[in-house]
Amino acid sequence: MTDLLKIEWLKIKNYRTFILMSIFFVIGILAVNYIVYTVFDNMVTNTDAGVLLNTFNPYEFKYVWETISYTSGYLLLLPAMLLIILTTNEFTFRTNRQNIIDGWTRQQFLGVKVLMALLFAICSTFVVILVGLVFGFSTKSEISFASFLHVGFFFLKALSYNMFALMISTLVRKTGFAIGVFFIYMGAENIISQILDGLSMYINKLHKIDLGSMGDYLPMNASDGLLTFPENPFKSMTKGAMPTEYEWVVFSFAILYLFLFYFISNRKMLKSDL
């Protein structure tokens, strides 16, 4: 499999789209966190909200891992979209067929794409850790890894997005159409998630049955739901009206969906024509 990964690297190392989107991803993580950092700094310094927030800095080390994972999670659409482009290009230019003619099995072809999805998730997580260290040290706070579990949740979200992108790519196989399906589904699921969360609150209020945040039980929202912004005075004021967050249930769904994405991708590769 190492040799197959080397072949994949030869395919993409000089690919301009890969280089540009990788740069945009790193810059995007730095930029979005700098914006959040600046907003909170200005709120504490220049507004009445500073009275509530004067003891809370989301980029202190005890909060930074949770903050950086939550804010950076919105940028994971970029590596997922890149994976769609790279995978669908294989079908568009028939390089998948050539690989199999050259001796690869269908499972090896899919396996190396899964490894690419895993490596993209690892690299994304590594960037988040580095940016977290930069912002943590900038606050001159005591080093802490108390909320580092959220970096693991970020990795799970990155892998979920990548595996979902891989599944869409194997099912659709056309770059533009696959990207369209990806974003349409993401938008539709977010709408359904909001409806389910509202239903959760309604059931809890009317029947005193707490089903948790049902929107987090959907395929992409499962990994999303594990990433939260750190506890702060504003969040505490609204928490009583929100559904209970059953973290272990949401985590179980996220892992289940990962296996489902792989199963569907594998079945499609084995059953479909080249």
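No value in this document is a laboratory result; all are computed from the given coordinates. No experiment lies behind these values; they were computed from the predicted model shown. Backbone-built Cβ (ideal geometry, glycine too); neighbour counts: all protein chains shown.
Grab the beta carbon distance between F259 and T92, set R0 = 25 Å, and tell me the FRET efficiency rounded to 0.05.
Details: r = 28 Å, r/R0 = 1.12.
After rounding, the FRET efficiency stands at 0.35.
In the chain, which whole DSSP H runs stretch at least 27 Å along their own axis (Cα) and average 0.0 or higher on the Kyte-Doolittle scale?
Values: long enough: 16-46 (43 Å, 1.40); 106-138 (49 Å, 1.82); 149-172 (35 Å, 1.50); 175-207 (47 Å, 0.83); 247-271 (36 Å, 1.04).
Both cut-offs are met by 16-46, 106-138, 149-172, 175-207, 247-271.
Provide the convex hull volume over Cα atoms per residue for the chain, in Å³.
Value for the chain: 143 Å³ per residue.
Give the dimensionless ratio obtained when the Cα radius of gyration of region 28-177 is divided by 2.2 N^0.38 Å.
In units of the globular-protein estimate, region 28-177 measures up at 1.35.
Once the Cβ-Cβ distance between I100 and V181 is put in as r, and R0 is 41 Å, what FRET efficiency do you end up with, to the nearest 0.05?
Taking R0 as 41 Å, the efficiency between I100 and V181 is 0.95.
What is the fewest-to-most order of T2, T125 by other Cβ atoms lying within 10 Å of their Cβ?
So the residues, fewest neighbours to most, are T2, T125.
Under the rule of -39500 (n - 2.57) per DSSP H run of 4 or more residues, summed and divided by the residues of the chain, what mean residue ellipticity at 222 nm is obtained, to the nearest 500 deg cm²/dmol? Walk me through the intermediate numbers first.
Numbers: 12 runs with 210 residues, N = 274.
Roughly -26000 deg cm²/dmol at 222 nm, from the helical runs in the chain.
Using the Kirkwood formula on the Cα atoms of region 101-154, what hydrodynamic radius do you get, in angstrom to one decimal?
13.7 Å
Full extension from N42 to I143: what is 0.36 nm times the residue separation minus their Cα-Cα distance, to one decimal in nm?
Numbers: separation 101, 0.36 × 101 = 36.36 nm, distance 2.37 nm.
Taking 0.36 nm per residue and subtracting the Cα distance, the gain is 34.0 nm.
Give or take rounding to whole Å, what are the principal axis extents of the alpha carbon atoms in region 108-190, in descending order?
49, 33, 18
Given Cα pairs under 8 Å that are at least 6 residues apart, what percent is the relative contact order of the chain?
Dividing the mean separation by the residue count of the chain yields 24 percent.
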